[in-house]
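The values are calculated or read from the model by the stated rules, or taken from the named source; none is laboratory data. Note that this is a predicted model, so its numbers are computed, not measured. Positions of Cβ are backbone-derived with ideal geometry, glycine not excepted, and every protein chain shown enters the neighbour counts. These area figures cover heavy atoms from the full protein model, side chains too; ligands, DNA and RNA do not enter into them. Shrake-Rupley method; radii C 1.70, N 1.55, O 1.52, S 1.80 Å.
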Amino acid sequence: MRLKDFFELFRGTTARQPSSAARAKERLQVILAVERPLTRGQPDFLPLLQREILEVIRKYVPIDEKKIKIEVEREADMSLLAVSIELPHTALSRAL
Amino acid sequence: MSHVIVVTSGKGGVGKTTSAAAIGAGLALKGKKTCVIDFDVGLRNLDLVMGVERRVVFDFINVINDGIRLHQALIKDKRIEGLYILPTSQTRDKDALTREGVERVIEELKQEFDYIICDSPAGIEKGAYMALYFADEAIVVTNPEVSSVRDSDRILGILNSKSRRAERGEPPMKQHLLLTRYDLERVAKGEMLKLDDVVEILAIPVLGVIPEDDAVLQCSNNGMPVVLEPKCMAAQAYMDAVRRLLGETVELRFITPPKKSFVNWLLRRSA
């Protein structure tokens, strides 16, 4: 045991902070939970999803292809799919 | 029946070639006729690690493309009976590896050898695919470190989906974890992922744990498979792994740090 480690025992720092190995394990578990569905045989469906959503909305409202944004936020036990579509300011006036 | 085993990892520098050489040599020491093939076309190194670099005349690529006979390219190890090396080309590129060509060479080797060890290049390009495509078993070499574990996981996905067994819907390839460069003191301090963590994440059975050992570099400096230095920890750990590969039950060693007693300290100093 080095002198530094000896003092750390008294300060309790080693006990309070999670070890870097524990952090490594946690980070790996999170990233692999995200990556496995994408790398283990399943195709990336997001581009297709985006195209189909766009087509459905276009049936009702004329929109610019560049004004649709799809984002996925991934965490260990769930993912958040956020679709935001910018409509031209006249698009909803008739409907309302 | 002969076994085709790929030694793979995804990430570079984790010890694939060192492990392929050690396990190939270990199998031969156990009386199994073994051939180790270098699949890293253009970055040949198995020959150097195994100390036969000055004896390469023809190579794997010549056998596939240039009508050279397999026996003209195979190099017989002078130290270990039953150990052969099939070097790759240093000048050609990976496109010279054709699936049909690799299949023909492996089928011919199967007629003669008990074990065929395919030393995969790093990455997930053609050379790596060719090395794993025909394999019955895989040894996934992993360091206790985040990027290596992630890449190993990726490789496991590829083994399960892109091998010939997977394409034919045959039973999946047997997969083994070989954890290398395991630093017992850093694990004890919580600075390094421990064996149990890596096993929990990758979820494949352990073939062996190779402790960080200065002897590994010394052996590669000398062109010697590690198992030829039988006193060192790494050699013992590799031989344990070989015995497990052959179906024996061998308890894991070198997974807890040696006790720092005065007697051990004295022994270490006098060694």
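Within the range B:136-149, residues that are more than 14 Å from chain A (Cβ to nearest Cβ) have Cβ atoms under 6 Å from residues that are basic (Lys, Arg) and part of a helix (DSSP H, G or I) in these pairs: B:141/B:16, counting only partners at least 6 apart in sequence or on another chain. Against the definition (aliphatic (A, V, I, L, M), open to solvent by less than 30 Å² (accessible area, probe 1.4 Å) and either in contact (Cβ under 8 Å) with a residue 12 or more places away in the chain or within 15 Å of residue B:22 (Cβ to Cβ) (or both)), how does residue B:124 come out, yes or no? Considered against the rule, which asks whether it is aliphatic (A, V, I, L, M), open to solvent by less than 30 Å² (accessible area, probe 1.4 Å) and either in contact (Cβ under 8 Å) with a residue 12 or more places away in the chain or within 15 Å of residue B:22 (Cβ to Cβ) (or both), residue B:124 comes out as no.
Yes or no, residue by residue, for (1) touching a helix residue (DSSP H, G or I) at 6+ places or on another chain (Cβ under 9 Å); (2) crowded, with 21+ Cβ neighbours inside 10 Å; (3) modelled with pLDDT under 95:
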site	(1), (2), (3)
B:16	no, yes, no
B:21	yes, yes, no
B:31	no, no, no
B:38	yes, yes, no
B:50	yes, yes, no
B:61	yes, yes, no
B:71	no, no, no
B:79	yes, no, no
B:85	yes, yes, no
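Residues checked against (1) away from chain A (no Cβ under 14 Å); (2) at pLDDT 95 or above; (3) buried (at least 18 other Cβ atoms within 10 Å of the Cβ):
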site: B:181; (1), (2), (3): yes, yes, yes
site: B:196; (1), (2), (3): no, yes, no
site: B:208; (1), (2), (3): yes, yes, yes
site: B:216; (1), (2), (3): yes, yes, yes
site: B:222; (1), (2), (3): yes, yes, no
site: B:250; (1), (2), (3): yes, yes, no
site: B:260; (1), (2), (3): no, no, no
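Out of the residues in the range B:150-179 meeting the condition of being away from every other protein chain (no Cβ under 13 Å) and within 21 Å of residue B:196 (Cα to Cα), tell me which one is farthest from the chain's Cα centre (by Cα). That would be B:174. Which pairs have Cβ atoms under 9 Å, sit 6 or more apart or on different chains, and link a residue in the range B:96-118 that is farther than 20 Å from residue B:83 by Cα to one that is assigned to a loop (DSSP other than H, G, I, E, B) and of a type in the set (A, V, I, L, M)? Between residues of the range B:96-118 that are farther than 20 Å from residue B:83 by Cα and residues that are assigned to a loop (DSSP other than H, G, I, E, B) and of a type in the set (A, V, I, L, M), the close pairs are B:96/B:41; B:97/B:41.
Does residue B:227 fit the bill of being touching a strand residue (DSSP E or B) at 6+ places or on another chain (Cβ under 9 Å) and not hydroxyl-bearing (Ser, Thr, Tyr)? Please lay out each step first, then the result.
Values: touching a strand residue (DSSP E or B) at 6+ places or on another chain (Cβ under 9 Å): no; not hydroxyl-bearing (Ser, Thr, Tyr): yes.
Answer is no for this residue.
Here the range A:22-38 is the region considered, the condition is being aliphatic (A, V, I, L, M) and closer than 20 Å to residue B:186 by Cβ, and the residue that is most open to solvent (accessible area, probe 1.4 Å) is A:22. The criterion of at least 3 residues that are closer than 24 Å to residue B:163 by Cβ is met by the following helices (runs of 4 or more DSSP H) wholly inside the range B:1-104: B:16-29, B:60-65. Is there a residue being in a loop (DSSP other than H, G, I, E, B) and either open to solvent by less than 50 Å² (accessible area, probe 1.4 Å) or free of Cβ contacts under 8 Å to residues at least 12 places away in the same chain (or both) anywhere in the range B:235-245? For the range B:235-245, residues in a loop (DSSP other than H, G, I, E, B) and either open to solvent by less than 50 Å² (accessible area, probe 1.4 Å) or free of Cβ contacts under 8 Å to residues at least 12 places away in the same chain (or both): absent. Scanning the range A:39-96 for residues that are modelled with pLDDT of 75 or more, among the hydrophobic types (A, V, I, L, M, F, W, C) and in a helix (DSSP H, G or I) yields A:49, A:53, A:54, A:56, A:57. Screening B:203, B:166, B:188, B:215 for residues that are among the small types (Gly, Ala, Ser) and in contact with a Cys (Cβ under 6 Å, 6 or more places away or on another chain) leaves exactly one candidate, B:215.
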